[in-house]
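The next block holds one structure in the form of structure tokens; read it before the comments.
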Amino acid sequence: MRITLHKSLLCTAAVVMVFPLASLAQQTKADFEARIGMESHIGHVTGHAKSAQYDYRRYCVGCHGDRGDGMGENFPWVDPKPRDFQLGIFKCRSTPTGTLPTDQDLSDTIGRGLDRSNMPPWNVFTDQQKADLVAWVKHFSPRFASEKPGTPIQIPAEPEVTADRIKAGREVFARVQCWKCHGVTGEANGPSASTLQDDLGRPIAAFNFTEGSRPKCGSSDQDLYRIFMTGLDGTPMPSFADNIKPDEAWDLVFYLRTLMSEPSKEKAIAKQLGLKPVDTNAPAQPSGQQ
Amino acid sequence: MKNLQKLAAVLMAVMVVLCGALLLTHEVSAASEGKISGTVKYEGTPPHMRGIDMSKDPYCAKANASTSPHMENVVVGSGGGLENVVLYISEGLSGAALSQPATNVPVFDQKNCEYTPHVLAMDVGQTFKVTTSDQTAHNIHPNPNPMTGNIPWNQSQPPGAPPVEKSWKAPEMIEVKCNIHPWMHGWFAVVKGPYATTDANGNYTISNVPPGNYTVTAWQETLGTQTAKVTVSGAAPAKADFTFKGK
């Protein structure tokens, strides 16, 4: 009698507490099934969520979990943690901060993998498989059912690398203070680097330009441009779209190349110029001498 | 035992009705000018607010050289008034008062590497502005629960950056952070309908409340919420005072 009394009270308490939360956090199987018709459109390939179930169970479920919440059985052992697809928040986007990525963005991430994480490049998949998986990934989040992806940012044609552009890029690096986290030499040792946390409160490192790693969201010049203009949502990396003009953004891309360990035209020019790391004690608008 | 089950069922029904009441209540006109005012007090010894070491950013340290910056989770004035408490109408409001968001544009400034105000209250759909007065780079990074319909974003604001203008889709108490300066911590308190925030003496006035019976909720970031029933009628402001007790 006493036990059932407790049970009854507990049950009431639980239901009463969970009721307002139910629509916020807990998605039921029915919620997922309602979205099973999710499609993706990448080029002229149409992906169907339903068709990805086999591949997802075979290749993805171990980390991303049955419900796509990133709580697969490998969750405790991997770092960075697997993405929670239910939130609909993604690092690698061509779209502005706070918006959903395009189907192409998600497909690119699957194909590229995420360097320095347990997510390998899934370049063995056909375009159809990737498109199906993109649709499946989208079906986990109610956001894709109610919101449209953001409008991809415009990337103007890449100009010619010049010494002036590299010097101008160095000024942008100083002005928007990339060095606060990435450090003046790009070694991820800026004053704020050690306290960075992701949106879930887990420690996260700034990108180190100097050790030969690939940036997580791609390493082409266009990728670098996109990374700082859209920001990496879910991480401390903000969008600089309001504060760097498109032409200046190319200058910054060229300057970032001079910090990277791979040989490049930019690096050669920087060496010739004897370019020094930015001076963090300089006033907000550095003089541009060098 | 039967009785208990009945009680459980009744409790559930009450919850459902209350939740329903939040969504569907009688229509009222927003044209009239009723007010709700009062004072929010803190009872007991105010908790110690940890000091902030800003030495990692010389600009921030210098800007605060003559003061001793500290956390602002519980700010108690000399008379026991509790600052930064958000007051809003949690029940009884509907119709025009809910469908027209306030048109003024509240400002959230980054000044001396702290948020001013520490808590910015606003209406669902109301445009607000984030500005920076600092000569050091900030990133403005609110972290709402995307399941509510509020989507997290993260924008840089280097020195001289233009204001960021945004609004929120759903009521939610949203934490705001700057990843560059980890001590920076503030709130966007997004509520539905008229609202007010207490001043340094704990005083507040919610304006533009149509006559009617309401539940007023007082929200404090670490002390939680309290509610009071009020009736707004005619010119004299309805009174609702709150007291948060120290732990």
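One line per residue, one yes/no per condition, for (1) among the aromatic types (Phe, Trp, Tyr); (2) free of Cβ contacts under 8 Å to residues at least 12 places away in the same chain; (3) within 14 Å of another protein chain (Cβ to nearest Cβ); (4) out of contact with any strand residue (DSSP E or B) (no Cβ under 8 Å at 6 or more places or on another chain):
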| site | (1), (2), (3), (4) |
| --- | --- |
| B:59 | yes, no, yes, yes |
| B:68 | no, no, no, no |
| B:86 | no, no, no, no |
| B:102 | no, no, no, no |
| B:106 | no, no, no, no |
| B:122 | no, no, no, no |
| B:128 | yes, no, no, no |
| B:133 | no, no, yes, no |
| B:145 | no, no, yes, no |
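How many of the residues in the stretch A:156-186 are surrounded by 17 or more Cβ atoms within 10 Å (Cβ to Cβ), more than 14 Å from every other protein chain (Cβ to nearest Cβ) and part of a loop (DSSP other than H, G, I, E, B)?
Initial filter on the stretch A:156-186 (surrounded by 17 or more Cβ atoms within 10 Å (Cβ to Cβ)): A:161, A:165-184, A:186.
Subset that is more than 14 Å from every other protein chain (Cβ to nearest Cβ): A:161, A:165-170, A:186.
Right, trim to part of a loop (DSSP other than H, G, I, E, B) and you get A:161, A:186.
Residues flagged as surrounded by 17 or more Cβ atoms within 10 Å (Cβ to Cβ), more than 14 Å from every other protein chain (Cβ to nearest Cβ) and part of a loop (DSSP other than H, G, I, E, B) within the stretch A:156-186 amount to 2.
The lone criterion from (1) under 29 Å from residue A:176 (Cα atoms); (2) under 21 Å from the mean Cα position of the chain (by Cα); (3) not β-branched (Val, Ile, Thr) left unmet by residue B:200 is number (1). Of all residues in the stretch B:118-153, those being touching a helix residue (DSSP H, G or I) at 6+ places or on another chain (Cβ under 7 Å) and β-branched (Val, Ile, Thr) number 1.
Applying the criterion of being without any contact (Cβ under 8 Å) to a residue 12 or more places away in the chain and outside any loop (DSSP other than H, G, I, E, B) to the residues of the stretch A:58-84, the residue that is nearest to residue A:122 (Cα to Cα) is A:58. Only one of the listed residues (B:169, B:229, B:177) is within 14 Å of chain A (Cβ to nearest Cβ) and surrounded by fewer than 17 Cβ atoms within 10 Å (Cβ to Cβ). That residue is B:169.
The numbers here are math on the coordinates, done by the rules we state, and not lab data. A quick note: this is a predicted structure, and the numbers were derived from the prediction, not measured. Glycine gets a Cβ as well: all are built from the backbone with ideal geometry, and neighbour counts include every protein chain shown.
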